[in-house]
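The structure appears right after this line, and notes come after that.
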Amino acid sequence: MSNARVILTLLDDLARVAAGTKAEQYALPTPCDGFDVRRLRQHLTGGLTYFEAAFADPGAEERGADPHAYSGPDQLEAVLPRLSATLRPALAAGVEKTIVNVLTERQRAVLVSLYWTDRSVAETAVSLGIREATVRSHSYCALRTVRRMLSRIDPG
């Protein structure tokens, strides 16, 4: 199953679970430490709202946006279809392409050289005409960006 299909299936499954949650279940504990059902729904609302905004504006996190700071109402049923509609076009084009497009041209070139063509740091530096330290720096920053984007999809 493709990454796009997994993500969309996950959102659809989460929407079904959210819709099936009854008010009397809100005080029940969850496997997540410190989260009853109500708090988990709020957490998911905040995280998914943040992800939706960050997907539209990947620099939001660098400007101090914090997905864990959400303390608003539980609006899970409203957020899920909106997020799904936001993601479907990008996922149709491939999540990998969307994430890679967030990187700078130099970061993409470094990652392609290191991981797709399997060159060493030294070989990458020579091929791109930059210092080895610059290759390591661009690689670190690019991988950090990719991890952050992926953590928005799977915060675990």
>> Where the second residue is surrounded by 11 or more Cβ atoms within 10 Å (Cβ to Cβ) and in a helix (DSSP H, G or I) and the first is aromatic (Phe, Trp, Tyr) and lies in the range 25-48, which pairs have Cβ atoms under 8 Å and are six or more apart or on separate chains?
In response: 26/37; 26/38; 26/41; 35/43
> Regarding residue 131, is this residue of a type outside the set (S, T, N, Q) and at pLDDT 80 or above?
Replying inline: yes
> Could you list, in sequence order, the residues of the range 90-120 that are modelled with pLDDT of 65 or more, within 18 Å of the chain's Cα centre (by Cα) and either among the aromatic types (Phe, Trp, Tyr) or part of a loop (DSSP other than H, G, I, E, B) (or both)?
Replying inline: 101, 102, 103, 104
>> Regarding the range 68-88, can at least one residue be identified that is modelled with pLDDT of 80 or more, closer than 24 Å to residue 13 by Cβ and not in a helix (DSSP H, G or I)?
In response: yes
> For the subset of the range 8-36 comprising residues that are surrounded by 14 or more Cβ atoms within 10 Å (Cβ to Cβ) and outside any loop (DSSP other than H, G, I, E, B), which member is modelled with the highest pLDDT?
Replying inline: 36
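Please count how many residues of the range 37-53 are in contact with a Cys (Cβ under 9 Å, 6 or more places away or on another chain) and either of a type in the set (A, V, I, L, M, F, W, C) or at pLDDT 85 or above (or both). Before you say what the answer is, go through the steps one by one.
Taking the range 37-53 and keeping what is in contact with a Cys (Cβ under 9 Å, 6 or more places away or on another chain), we get 39-40, 43.
Imposing the further condition that a residue be either of a type in the set (A, V, I, L, M, F, W, C) or at pLDDT 85 or above (or both) reduces the set to 39-40.
Selection size over the range 37-53: 2.
The values are calculated or read from the model by the stated rules, or taken from the named source; none is laboratory data. What you are looking at is a predicted structure, and each value in this text was computed from that prediction instead of being measured. Here Cβ is always computed from backbone atoms with ideal geometry, including for glycine, and neighbour counts include all displayed protein chains.
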